[in-house]
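This report refers to the structure that appears directly beneath it.
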Amino acid sequence: MNRIAKILAGVIALSALTLAGPALAASHGKTKVGFIYVGPIGDHGWSYQHNQGRLAIEEAFGDKVETTYVENVSEGPDAERAIERLAREGFDMIFTTSFGFMNPTVKVAAKFPDIHFEHATGYKRADNVSTYSSRFYEGRYIIGQIAAKVSETGTAGYIASFPIPEVVRGINAFMLGAQSVDPDFKLKVVWVNTWFDPGKEADAAKALIDQGVDIITQHTDSPAPLQVAAERGIKGFGQASDMIRFAPEAQLTSIVDVWDAYYVSRVQAVMDGTWESTDTWGGLDADMVEMAAYTNLPDDVAAEAAVTQESIHSGAFHPFTGPIYKQDGSLLVGEGEIVDDGTLLGMNFYVKGVDGDLPQ
Amino acid sequence: MPFKLQRREEHSAWMALFSPLIAVALMLATGAVLFASLGIDPVKGLSVYFLEPLQSAWSLQELVVKATPLILIGIGLSICYRANIWNIGAEGQFVAGALAGSYFPIMMVGWDGPFVFPAMIAAGMAGGALFALIPAALKIRFGANEILTSLLLVYVAQFFLDWLVRGPWRDPEGFNFPESRLFPSDAVTPLIIEGGRMHIGFPIALIIALLAAFYLTRTIHGFQIQVIGESPRAARFAGFSQSKMIIFAFAVSGALAGLAGILEVAGPIGQLRPVISPGYGFTAIIVAFLGRLNPIGIVIAGFVLALSYLGGEAAQVTLGISDKIARVFQGLLLFYVLACDTFIVYTFRRVGVVREAS
């Protein structure tokens, strides 16, 4: 026994010695940028795209930066610890990339006033906490238009994650786009209550197809719904990243989140000492939303989609331009008026024509 | 099969004591091989994983924060499991307790003072206990299998929480996002050290562990649990009531899970959210068995599991390995502990390949 104890003690002492070295020799001069992801970087959707943004930072700054990430961080009591760990490791800048990280980010930021925090999709800011998100709904309007042109049954299926404003806004934008082509277009929404669960997402897609939809779109992060669409011989849209390799015959286009430019500019600002707390909500015009290539489409449909994309990009057209009626028939905005950002950010109602009740 | 597991005639107390150490040594050895194969210096890898979290005051506090709910729930479960009652639904009782206790800060806005937090604790424990009594009642009245009923009620509790934070308990100033308002200062679990996250839940858990150890070894009622668990027939002859024991065990384990739940939402989280537990109720099952259903063992096991989570995170940040590797380590640890435990009681015996002429 004594021998085992001695060996163990030796191992522990040895490891303690080797640990102290690298920990103390923290790299000076490099800007250290950390990321907290809610999913695995292999989700090929939301967290994957944020990780692409991280890689873009490495690409842009080379050995002037050092980046790291923690993936699969649950939006509960663990989030604050994961964020604080990065703060304590001497990171200059921390991106927390899911709504559920909002309060933990603000809490940790209050303890570390010299570190720059960037929180995606939230609404709480501080002197050292910026927020950013992108106007995904612009892409939703375009794919709504495409869906209405391509669908033969006049019904699309929508796999939705959680009834938060961002998701509801996407459903409404899709519906407005579809109605601009076919005023009687139908939309069936299934709530799966998860951002990433390929099994559940695929089941929802199968249920929707069995109910007669011939277009599938999704606000969840895995390629599973698109793969189901491909198997059943119908069409669908990718989500967050270009998912064409998962469904080369079925993907019509994909709304791609592009964080690269934003991330690079924010890191640059920290390096230059010009970083300020800001609230960024960019869309096609800011290159934060891009459309993947229009594929598997008749030429005229692809061309019209490109026209819509260009008019949103140039600012000539806003997807939420009136007249728009709520599901209950009341008028939201009149002819030619545009729904303001405040209403968009807190959207908790369907527009007219969406089937079913919004979970409240 | 040329080998077969055979019960040992007698097992050595010495081995029982040191089998966890052997398990840890085996895990370190396997871990070293794993790190080496990933191109990471094994000594550095292992020290980041298992020693770094123990080296700063902050991460020691975080270790305590992570271990506290696991210990509280684990102790309650150990009482059930000793009595051969299989409560698998602590995760649901955790949520039920959190909901019951959160009623005050969320629905009684403006009520403050020194009684708010004690009321929340009492409601949390009552909520967890009542929720746990559902499978108890179903088992006593209908003979329903408590493994199934308690497990399925987890989803009921989780969806009820989900509904509340999206609906009636949603923060009116939260832009329709699914979160409750932040708890006011009188409704927050008191901290032990200002600025950290370690809260009074930890000393409470230690006191409960001591009480449970005393109760299980020094009281007649505690002895009854052992008898009912190991020999139900003997217990019946002795006049111990199985039904009373089912109610007692579920109520206690539910109350402790509920206590863990309200301490967690009022402490490290500070509000209700659609998800409030990273699976504490299920991890606590592992903790209970790793601690050999012994309250003091469970305190140690709670820390071991908590360390494996924190170490996994540290390894992601410092070594840049994926969280899958971190999970592999947790799996290895449990595998070796269980394997070593098995060999205390069992031994391999070589048996000849017998060709039976049937």
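Among the listed residues B:Ile204, B:Ile246, B:Ile225, B:Ile192, which satisfies the condition of being buried (at least 18 other Cβ atoms within 10 Å of the Cβ), under 30 Å from B:Ser59 (Cβ atoms) and not polar (S, T, N, Q)? Talk me through it step by step, then tell me what you get.
On the way: B:Ile246 fails: under 30 Å from B:Ser59 (Cβ atoms); B:Ile225 fails: under 30 Å from B:Ser59 (Cβ atoms); B:Ile192 fails: buried (at least 18 other Cβ atoms within 10 Å of the Cβ).
Of the residues listed, the single one that is buried (at least 18 other Cβ atoms within 10 Å of the Cβ), under 30 Å from B:Ser59 (Cβ atoms) and not polar (S, T, N, Q) is B:Ile204.
Would you mind stating whether A:Asp114 is outside any loop (DSSP other than H, G, I, E, B), away from every other protein chain (no Cβ under 11 Å) and under 14 Å from A:Lys32 (Cα atoms)?
On the way: outside any loop (DSSP other than H, G, I, E, B): no; away from every other protein chain (no Cβ under 11 Å): yes; under 14 Å from A:Lys32 (Cα atoms): yes.
Spelling it out, it is not the case that A:Asp114 is outside any loop (DSSP other than H, G, I, E, B), away from every other protein chain (no Cβ under 11 Å) and under 14 Å from A:Lys32 (Cα atoms).
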Just the residues that are under 21 Å from the mean Cα position of the chain (by Cα) and not in a loop (DSSP other than H, G, I, E, B), please, taken from the stretch A:309-360.
A:Gln309, A:Ile312, A:His313, A:Asp341, A:Gly342, A:Thr343, A:Leu344, A:Leu345
Would it be correct to say that B:Ser102 is hydroxyl-bearing (Ser, Thr, Tyr) and under 16 Å from the mean Cα position of the chain (by Cα)?
no
Looking only at the stretch B:236-275, count every residue that is basic (Lys, Arg) and away from chain A (no Cβ under 14 Å) and tell me the total.
2
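Report yes if B:Leu28 is farther than 19 Å from A:Arg85 by Cβ, touching a Leu at 6+ places or on another chain (Cβ under 7 Å), of a type outside the set (Asp, Glu) and at the interface with chain A (Cβ under 8 Å from one of its Cβ atoms), otherwise no. Steps first, answer last, please.
Working: farther than 19 Å from A:Arg85 by Cβ: yes; touching a Leu at 6+ places or on another chain (Cβ under 7 Å): yes; of a type outside the set (Asp, Glu): yes; at the interface with chain A (Cβ under 8 Å from one of its Cβ atoms): yes.
When the stated conditions are applied, B:Leu28 passes them.
Quick one: which of B:Glu146, B:Glu91 is charged (D, E, K, R) and in contact with a Ser or Thr (Cβ under 7 Å, 6 or more places away or on another chain)?
On the way: B:Glu146 fails: in contact with a Ser or Thr (Cβ under 7 Å, 6 or more places away or on another chain).
Step by step, each of B:Glu146, B:Glu91 is checked, and only B:Glu91 is charged (D, E, K, R) and in contact with a Ser or Thr (Cβ under 7 Å, 6 or more places away or on another chain).
Taking the conditions exactly as written (touching a residue at least 60 places away in the same chain (Cβ under 8 Å), over 30 Å from A:Gln211 (Cβ atoms), buried (at least 16 other Cβ atoms within 10 Å of the Cβ) and not assigned by TED's automatic domain parsing to the domain that holds A:Leu208), does A:Val354 satisfy them or not?
Details: touching a residue at least 60 places away in the same chain (Cβ under 8 Å): yes; over 30 Å from A:Gln211 (Cβ atoms): no; buried (at least 16 other Cβ atoms within 10 Å of the Cβ): yes; not assigned by TED's automatic domain parsing to the domain that holds A:Leu208: yes.
When the stated conditions are applied, A:Val354 does not pass them.
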Determine if the stretch A:311-329 includes at least one residue that is surrounded by 16 or more Cβ atoms within 10 Å (Cβ to Cβ), aromatic (Phe, Trp, Tyr) and closer than 27 Å to A:Asp127 by Cα.
no
Given the structure, is A:Ala178 part of a helix (DSSP H, G or I), of a type outside the set (Phe, Trp, Tyr) and under 29 Å from A:Met93 (Cα atoms)?
no
Checking B:Glu146 against (1) charged (D, E, K, R); (2) in contact with a helix residue (DSSP H, G or I) (Cβ under 6 Å, 6 or more places away or on another chain); (3) under 19 Å from B:Gly124 (Cα atoms), which single condition isn't satisfied?
(3)
Kindly indicate whether any position in the stretch A:277-291 is of a type outside the set (A, V, I, L, M), more than 22 Å from A:Ala160 (Cα to Cα) and within 14 Å of chain B (Cβ to nearest Cβ).
yes
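Taking the conditions exactly as written (in a helix (DSSP H, G or I), of a type in the set (D, E, K, R) and more than 18 Å from the chain's Cα centre (by Cα)), does A:Asp78 satisfy them or not? Walk me through how you get there before you give the answer.
Values: in a helix (DSSP H, G or I): yes; of a type in the set (D, E, K, R): yes; more than 18 Å from the chain's Cα centre (by Cα): yes.
In short, yes.
Can A:Asp299 be described as free of Cβ contacts under 8 Å to residues at least 24 places away in the same chain and either on the phi > 0 side of the Ramachandran plot or away from every other protein chain (no Cβ under 14 Å) (or both)?
Values: free of Cβ contacts under 8 Å to residues at least 24 places away in the same chain: yes; either on the phi > 0 side of the Ramachandran plot or away from every other protein chain (no Cβ under 14 Å) (or both): yes.
Taking the combined requirement at face value, the residue satisfies it.
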Any residue at all in the stretch B:168-183 that is within 11 Å of chain A (Cβ to nearest Cβ), within 21 Å of the chain's Cα centre (by Cα) and among the polar types (S, T, N, Q)?
no
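Can you tell me which residue in the stretch B:291-302 is nearest to B:Leu333 (Cα to Cα), limited to those that are modelled with pLDDT of 90 or more and surrounded by fewer than 19 Cβ atoms within 10 Å (Cβ to Cβ)? Even if it seems obvious, please write down each step before you answer.
Quick first cut of the stretch B:291-302, residues modelled with pLDDT of 90 or more only: B:293-302.
Those left that are additionally surrounded by fewer than 19 Cβ atoms within 10 Å (Cβ to Cβ): B:296, B:300.
Values: B:Ile296: 19, B:Ile300: 14 Å.
The qualifying residue nearest to B:Leu333 (Cα to Cα) is B:Ile300.
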From the option list A:Glu166, A:Glu152, single residue qualifying as in a loop (DSSP other than H, G, I, E, B) and in contact (Cβ under 8 Å) with a residue 40 or more places away in the chain is A:Glu152
Filter the stretch B:31-46 for residues that are hydrophobic (A, V, I, L, M, F, W, C), assigned to a loop (DSSP other than H, G, I, E, B) and away from chain A (no Cβ under 13 Å) and give the result.
B:Leu38
Based on what the data block shows, is B:Gly92 under 30 Å from B:Ala29 (Cβ atoms), buried (at least 24 other Cβ atoms within 10 Å of the Cβ) and assigned by TED's automatic domain parsing to the domain that holds B:Gly196?
no
Within the stretch B:308-325, identify whether any single residue is within 13 Å of another protein chain (Cβ to nearest Cβ), basic (Lys, Arg) and buried (at least 20 other Cβ atoms within 10 Å of the Cβ), and answer yes or no.
no
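In the set B:Arg166, B:Arg197, which member is among the basic types (Lys, Arg), within 26 Å of B:Ala100 (Cβ to Cβ), touching a helix residue (DSSP H, G or I) at 6+ places or on another chain (Cβ under 7 Å) and surrounded by 13 or more Cβ atoms within 10 Å (Cβ to Cβ)?
Testing whether each residue is among the basic types (Lys, Arg), within 26 Å of B:Ala100 (Cβ to Cβ), touching a helix residue (DSSP H, G or I) at 6+ places or on another chain (Cβ under 7 Å) and surrounded by 13 or more Cβ atoms within 10 Å (Cβ to Cβ) leaves just B:Arg197.
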For the stretch A:76-102, which positions are of a type in the set (A, V, I, L, M, F, W, C) and facing another protein chain (nearest Cβ under 7 Å)?
A:Ala82, A:Leu86, A:Phe99
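This table checks each residue for (1) hydrophobic (A, V, I, L, M, F, W, C); (2) crowded, with 18+ Cβ neighbours inside 10 Å.
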| site | (1), (2) |
| --- | --- |
| A:Trp195 | yes, yes |
| A:Lys206 | no, no |
| A:Asp214 | no, yes |
| A:Asp221 | no, yes |
| A:Ile234 | yes, yes |
Filtering the stretch B:47-85 down to residues that are within 12 Å of chain A (Cβ to nearest Cβ) and assigned to a loop (DSSP other than H, G, I, E, B), which residue is surrounded by the fewest Cβ atoms within 10 Å (Cβ to Cβ)?
B:Ser56
Kindly evaluate A:Lys188 against the criterion of being away from chain B (no Cβ under 14 Å), under 22 Å from A:Pro359 (Cα atoms) and in a strand (DSSP E or B).
yes
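This table checks each residue for (1) part of a helix (DSSP H, G or I); (2) closer than 24 Å to B:Phe175 by Cα; (3) more than 12 Å from chain B (Cβ to nearest Cβ); (4) touching a His at 6+ places or on another chain (Cβ under 7 Å).
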{"residue": "A:Tyr48", "(1), (2), (3), (4)": "yes, no, yes, no"}
{"residue": "A:Asn51", "(1), (2), (3), (4)": "yes, no, no, no"}
{"residue": "A:Glu59", "(1), (2), (3), (4)": "yes, no, yes, no"}
{"residue": "A:Ser74", "(1), (2), (3), (4)": "no, yes, no, no"}
{"residue": "A:Pro104", "(1), (2), (3), (4)": "yes, yes, no, no"}
{"residue": "A:Tyr132", "(1), (2), (3), (4)": "no, yes, yes, no"}
{"residue": "A:Ile146", "(1), (2), (3), (4)": "yes, no, yes, no"}
{"residue": "A:Ala156", "(1), (2), (3), (4)": "no, no, yes, no"}
Scan the stretch B:150-159 residue by residue and report those that are over 19 Å from the mean Cα position of the chain (by Cα) and modelled with pLDDT of 95 or more.
B:Val156
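The values are calculated or read from the model by the stated rules, or taken from the named source; none is laboratory data. Treat the numbers as computed from the prediction; the structure is a model and nothing was measured. Counting neighbours? That spans all protein chains shown, and the Cβs are built from the backbone with ideal geometry, glycine included.
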